[in-house]
Amino acid sequence: MRRRFQRRSTIQKDIDVVIRYHVFPSNKNSDGDELSTALPSQDDIDYSNTGASEAATAEGNQNNHVLTTSNCTEPATAMNEADPASPSMKAFSEKYKGRTIEFDGNVAVLSPHCTDASRFDMLILWRGFRRQFLQGPNSQIARIGPENIKAKDGYSHLPSLFPIGSNVHSKAEIEDYSDTRESEFLTNPAVSDRA
């Protein structure tokens, strides 16, 4: 599971950390002389491939928008499924893997994450809480902590903030789908309470 570091985040001792460095070119050549930073003239610019570039930009923008039930038919269709193991749920997760999804649901399970008392694992059903609808598509989010919670009253102890059956609004990245657990795995979550 990939997670971005945030200021004042704590990391467990047994967690692998990947640090990426970005190197930028120097403004000097090997002789120590300053390189020219002048912009190219209009004659130097090649405009022959602008159509392909615009198409790639449009496709990139489409892949960056957040999926919701109002702008994408697949989440709306999946939300109406009664069976969490529905092939449409798996197909949806595979098609949009790595994309961000935003949806309303309710907390079905909330449990401590292994031995870490400050982290929790959450199972969210994709509907508002109603006793007659305790089935359907669901998403699992692991290692939820204070930085993932956007509560109206601020962060308090997570189980008291989100008891079982609480209606929540979730926004997270689709990581994977598990056939055995019949659920979608999400990362980089933002979970907030809702009425």
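The numbers here are math on the coordinates, done by the rules we state, and not lab data. Treat the numbers as computed from the prediction; the structure is a model and nothing was measured. Cβ atoms come from the backbone with ideal geometry, glycine included; neighbour counts cover every protein chain shown.
Structure notes:
- Multiplying the residue separation of residue 192 and residue 77 by 0.36 nm and removing their Cα-Cα distance gives an extension gain of 39.1 nm.
- Legend: P(r) of the stretch 66-193 from all alpha carbon pair distances, 5 Å bins from 0, whole percents, reading 2, 12, 22, 26, 20, 12, 5, 1.
- Considering only 77, 159, 122, and ranking their Cα positions along the charge dipole of the stretch 66-193 that arises from unit charges at the beta-carbon of Lys, Arg, Asp and Glu, the one farthest toward the positive end is 159.
- Gain in span if fully extended, residue 182 to residue 115, counting 0.36 nm per residue against the direct Cα distance: 21.6 nm
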